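Working notes, structure below.
The values are calculated or read from the model by the stated rules, or taken from the named source; none is laboratory data. These figures come from a predicted structure and were not determined experimentally. Cβ placement follows ideal geometry from the backbone for every residue including glycine, while neighbour counts extend to all protein chains displayed.
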Amino acid sequence: MQIDKLKDEIKEYAKEIGIDKIGFASADVFGELRERLRRQQELNYQSGFEKGSIEERTEPQRLLPEAQSIISIALAYPSRMKNAPKGTKADRRGIFARASWGMDYHLVLQDRLEKLDSFIKKRVPDAVTKIMVDTGELSDRAVAERAGIGYSGKNCAIITKEFGSFVYLGEMLTNIPFIPDEPVEDSCGDCRKCIEACPTGALIDHGGPKGGQINAQRCISFLTQTKDFMPEEFRGKIGNRLYGCDTCQQVCPKNKGIDFHIHKEFEPDPEAAKPKLKPLLRISNREFKEKFGYMAGSWRGKKPIQRNALIALGHFKDETAIEDLKELLRKDPRPVIRGTAAWTLGKIGTEEAVKAINEAMEKETDEQVLYEMEKGLDLAKIK
């Protein structure tokens, strides 16, 4: 079969199965990315969630020796929630980032790529492929940029002409030698809105034409997924975020007016995407899985979400949460949860909150928790 004809057929089929953008790239080494990753490693900007070595992440043929091309796909997701619930003083709410509003995108993109794979193999029986969605070694963004899906902006997201940066990405390595598509020209220009708006200064502008760089260690999206104590420097920046951060996308001019509700899988359940905070403190593992298990934001389990909910309650200085916080201080077996509850009580700072910390200190033996309790008492004095 002619490669050009096959490429056109794949593009047509991609539309039929709900792929919003598709592009084709060479499987050549990602030389520039390799240098950026080495620099990232030297500066300790990595999150630790990255998979594979720098060589595996930049040399496609290490992953599929026969690889000649990479097919990149993008699916758009909503930026606005219909019927979003509003928090009240008695029932404050947290928020999941937009990329986690609906069904876990890994599953949805995997499904689309598997359908594409079957389609290709019916036409080219000896085709060899390898599918990846976010958790693979390759950089989804680098592949999408090379395939002409969009360009890498200063917010380190792929920005598409049609859907802004509100797209999920996935790719397929193949031995079929497709003619590559042309990359899209970067059009961030002199705009620095995302860099200036980042709450923790995680975005770094190196002044070049190839987008920005991110210090994952300072990125709220990364920090909300960690399981240990949240570094104190960042607790005041988290606000009511439970998972992820959308600030750099929200301020981007390329996202102005962008809101696509194309895929029913990505439509949020408002009560899951913007849940009440206090019930999260008492939720069981089973209840957590039932309510949030289908979302990408649940992948680290309930502990980070509960810790972030505690920080959010401290952000609101929510006095109605004191009884729940006292209960956690007395009974929760996890030091991170007890310690963060003590910090939150200190942020609330009422007499009852201070008394609860002092009483719990008499029985506490964990050094980190005791440190957080002292910190809580200091915060209460400042109030």
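Just one residue in the set Leu6, Leu37 is modelled with pLDDT under 95, among the aliphatic types (A, V, I, L, M) and assigned to a helix (DSSP H, G or I); that residue is Leu37. Restricted to the stretch 287-369, the set of helices (runs of 4 or more DSSP H) holding at least 2 residues that are under 26 Å from the mean Cα position of the chain (by Cα) and of a type in the set (A, V, I, L, M) comprises 302-316, 335-348. Is it true that some residue in the stretch 211-229 is out of contact with any helix residue (DSSP H, G or I) (no Cβ under 9 Å at 6 or more places or on another chain) and over 20 Å from Ala99 (Cα atoms)? Checked the stretch 211-229: no residue is out of contact with any helix residue (DSSP H, G or I) (no Cβ under 9 Å at 6 or more places or on another chain) and over 20 Å from Ala99 (Cα atoms).
Residue selection: Ile70 satisfies the criterion of being touching an Asp or Glu at 6+ places or on another chain (Cβ under 8 Å) and either without any contact (Cβ under 8 Å) to a residue 40 or more places away in the chain or outside any loop (DSSP other than H, G, I, E, B) (or both). Yes or no: Ile159 in a loop (DSSP other than H, G, I, E, B), at pLDDT 95 or above and crowded, with 23+ Cβ neighbours inside 10 Å? No. Look at the stretch 171-183: where a residue is within 15 Å of Leu63 (Cα to Cα) and in contact (Cβ under 8 Å) with a residue 24 or more places away in the chain, no partner that is aromatic (Phe, Trp, Tyr) and buried (at least 17 other Cβ atoms within 10 Å of the Cβ) sits 6+ places away or on another chain with Cβ atoms under 6 Å.
Quick grid of which residues meet (1) farther than 30 Å from Lys276 by Cα; (2) touching a Leu at 6+ places or on another chain (Cβ under 9 Å):
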| position | (1), (2) |
| --- | --- |
| Lys82 | no, no |
| Lys89 | no, no |
| Arg98 | no, no |
| Trp101 | no, no |
| Asp111 | yes, no |
| Asp134 | no, yes |
| Gly148 | yes, no |
| Cys156 | yes, yes |
| Lys161 | yes, no |
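In the stretch 297-321, the residue that is surrounded by the most Cβ atoms within 10 Å (Cβ to Cβ) out of those that are of a type outside the set (A, V, I, L, M, F, W, C) and closer than 12 Å to Lys278 by Cα is Asn308. List every residue pair whose Cβ atoms sit under 9 Å apart, with the two residues 6 or more apart in sequence or on different chains, where the first one lies in the stretch 354-368 and is within 14 Å of Asp332 (Cβ to Cβ) and the second, anywhere, is part of a loop (DSSP other than H, G, I, E, B) and not small (Gly, Ala, Ser). Close Cβ pairs satisfying both conditions: Gln368/Phe229. Listed by first and then second residue, the pairs with beta-carbon distance under 8 Å, at least 6 apart or on different chains, first residue in the stretch 84-111 and in contact (Cβ under 8 Å) with a residue 40 or more places away in the chain and among the hydroxyl-bearing types (Ser, Thr, Tyr), second part of a loop (DSSP other than H, G, I, E, B) and surrounded by 15 or more Cβ atoms within 10 Å (Cβ to Cβ), are Ser100/Gly244; Ser100/Met295; Tyr105/Tyr77; Tyr105/Val133; Tyr105/Asp134. Pairs are defined by a Cβ separation below 7 Å, a sequence spacing of at least 6 or placement on different chains, a first member in the stretch 270-285 that is under 11 Å from Phe96 (Cα atoms) and in contact (Cβ under 8 Å) with a residue 60 or more places away in the chain, and a second member that is of a type outside the set (Ser, Thr, Tyr) and part of a helix (DSSP H, G or I); the pairs so defined are Ala272/Lys291; Ala272/Phe292.
Select from the stretch 75-98 the residues that are farther than 23 Å from Ala157 by Cβ and in contact with a strand residue (DSSP E or B) (Cβ under 8 Å, 6 or more places away or on another chain) and write down the one among them that is surrounded by the most Cβ atoms within 10 Å (Cβ to Cβ). Across the stretch 75-98, the extreme among qualifying residues is Arg93.
Kindly establish whether Leu169 is among the aliphatic types (A, V, I, L, M), touching an Asp or Glu at 6+ places or on another chain (Cβ under 6 Å) and within 19 Å of Gly244 (Cα to Cα). For Leu169, the condition - among the aliphatic types (A, V, I, L, M), touching an Asp or Glu at 6+ places or on another chain (Cβ under 6 Å) and within 19 Å of Gly244 (Cα to Cα) - is met. Name the single residue that is farthest from the chain's Cα centre (by Cα) among those in the stretch 106-140 being surrounded by 15 or more Cβ atoms within 10 Å (Cβ to Cβ) and among the small types (Gly, Ala, Ser). Checked the stretch 106-140; the qualifying residue farthest from the chain's Cα centre (by Cα) is Ala127.
Residues of the stretch 153-162 include none that is touching a residue at least 24 places away in the same chain (Cβ under 8 Å), under 23 Å from Gly31 (Cβ atoms) and in contact with a Pro (Cβ under 9 Å, 6 or more places away or on another chain). Among the candidates Glu374, Glu364, Glu290, the residue that is over 30 Å from Ala99 (Cβ atoms), out of contact with any strand residue (DSSP E or B) (no Cβ under 8 Å at 6 or more places or on another chain) and surrounded by fewer than 17 Cβ atoms within 10 Å (Cβ to Cβ) is uniquely Glu374.
Being surrounded by 15 or more Cβ atoms within 10 Å (Cβ to Cβ) and of a type in the set (Gly, Ala, Ser) is true of Gly244.
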